[in-house]
Amino acid sequence: MTISLQFCNITVNDVDESISFYRDALGLEVRNDVASGGFRWVTLGSSSQPDVEIVISQPHAGRSQADGDSLQELLTKGVLPMLIFRTDDLDAAFEKAQASGAEVMQEPIAQSWGPRDCAFRDPSGNTVRISQAPAV
């Protein structure tokens, strides 16, 4: 038996604004855009990982009112799980994300556990880290 990651979900306030960040600032490609019940689910991915997609949707998409409200509260607080991307050129990735107007949380630094990384908030306040493996 084999198992692999196919989708990872990110909750956002504004799907179009988030598409601009993940596509234009991080370089992901939009793969699917599905409308259903007044909401949208958009998948994005990287050509370097063709079998993995990130799904972005609003808090109430496909959820009860109470669950959507709870998720919205967590999104507003900025406490939803972070996303961590890997790159082979951290400085270029940082410059591109910074130029998009994303809120910088941490400029590129070498971490004590090995990689260099930086951190941003996406337009909805989710933490996005970008990491580069240490030179060998």
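Among all positions in the range 65-86, there is no residue which is within 14 Å of the chain's Cα centre (by Cα) and polar (S, T, N, Q).
Is it the case, given these coordinates, that A92 is more than 19 Å from V15 (Cβ to Cβ), surrounded by 13 or more Cβ atoms within 10 Å (Cβ to Cβ), without any contact (Cβ under 8 Å) to a residue 40 or more places away in the chain and small (G, A, S)? Walk me through it before giving the result.
Numbers: more than 19 Å from V15 (Cβ to Cβ): yes; surrounded by 13 or more Cβ atoms within 10 Å (Cβ to Cβ): no; without any contact (Cβ under 8 Å) to a residue 40 or more places away in the chain: yes; small (G, A, S): yes.
When the stated conditions are applied, A92 does not pass them.
Kindly indicate whether any position in the range 35-42 is exposed (fewer than 15 other Cβ atoms within 10 Å of the Cβ), among the β-branched types (V, I, T) and modelled with pLDDT of 95 or more. Reasoning before the result, please.
Taking the range 35-42 first, the residues exposed (fewer than 15 other Cβ atoms within 10 Å of the Cβ) are 35-38.
So of that shortlist, the ones also among the β-branched types (V, I, T) come out as none.
Within the range 35-42, not a single residue is exposed (fewer than 15 other Cβ atoms within 10 Å of the Cβ), among the β-branched types (V, I, T) and modelled with pLDDT of 95 or more.
Any chance you could count how many residues in the range 1-50 are aromatic (F, W, Y) and in a strand (DSSP E or B)? Reasoning before the result, please.
Start the filter on the range 1-50 by keeping residues that are aromatic (F, W, Y), which leaves 7, 21-22, 39, 41.
Within this subset, residues satisfying the condition of being in a strand (DSSP E or B) are 7, 39, 41.
Total meeting the criteria: 3.
For the range 96-130, which residues satisfy the criterion of being exposed (fewer than 13 other Cβ atoms within 10 Å of the Cβ), without any contact (Cβ under 8 Å) to a residue 40 or more places away in the chain and closer than 18 Å to L28 by Cβ? G101, the sole residue that qualifies. Kindly indicate whether any position in the range 67-85 is in a loop (DSSP other than H, G, I, E, B) and farther than 19 Å from E17 by Cα. Yes.
Yes/no per residue for (1) farther than 19 Å from S124 by Cα; (2) among the basic types (K, R):
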{"residue": "M1", "(1), (2)": "yes, no"}
{"residue": "V15", "(1), (2)": "no, no"}
{"residue": "R23", "(1), (2)": "no, yes"}
{"residue": "R40", "(1), (2)": "no, yes"}
{"residue": "T43", "(1), (2)": "no, no"}
{"residue": "S57", "(1), (2)": "no, no"}
{"residue": "D67", "(1), (2)": "no, no"}
{"residue": "L71", "(1), (2)": "no, no"}
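Against the definition (crowded, with 19+ Cβ neighbours inside 10 Å, at pLDDT 95 or above, in contact with a strand residue (DSSP E or B) (Cβ under 6 Å, 6 or more places away or on another chain) and over 18 Å from L26 (Cα atoms)), how does L75 come out, yes or no? Taking the combined requirement at face value, the residue satisfies it. Just to be sure, is G101 more than 26 Å from S48 (Cα to Cα) and of a type outside the set (D, E, K, R)? Taking the combined requirement at face value, the residue does not satisfy it.
The values are calculated or read from the model by the stated rules, or taken from the named source; none is laboratory data. Bear in mind the structure is a predicted one, so any value in this text is a computation, not a measurement. All Cβ positions, glycine included, derive from the backbone under ideal geometry; neighbour counts span all protein chains shown.
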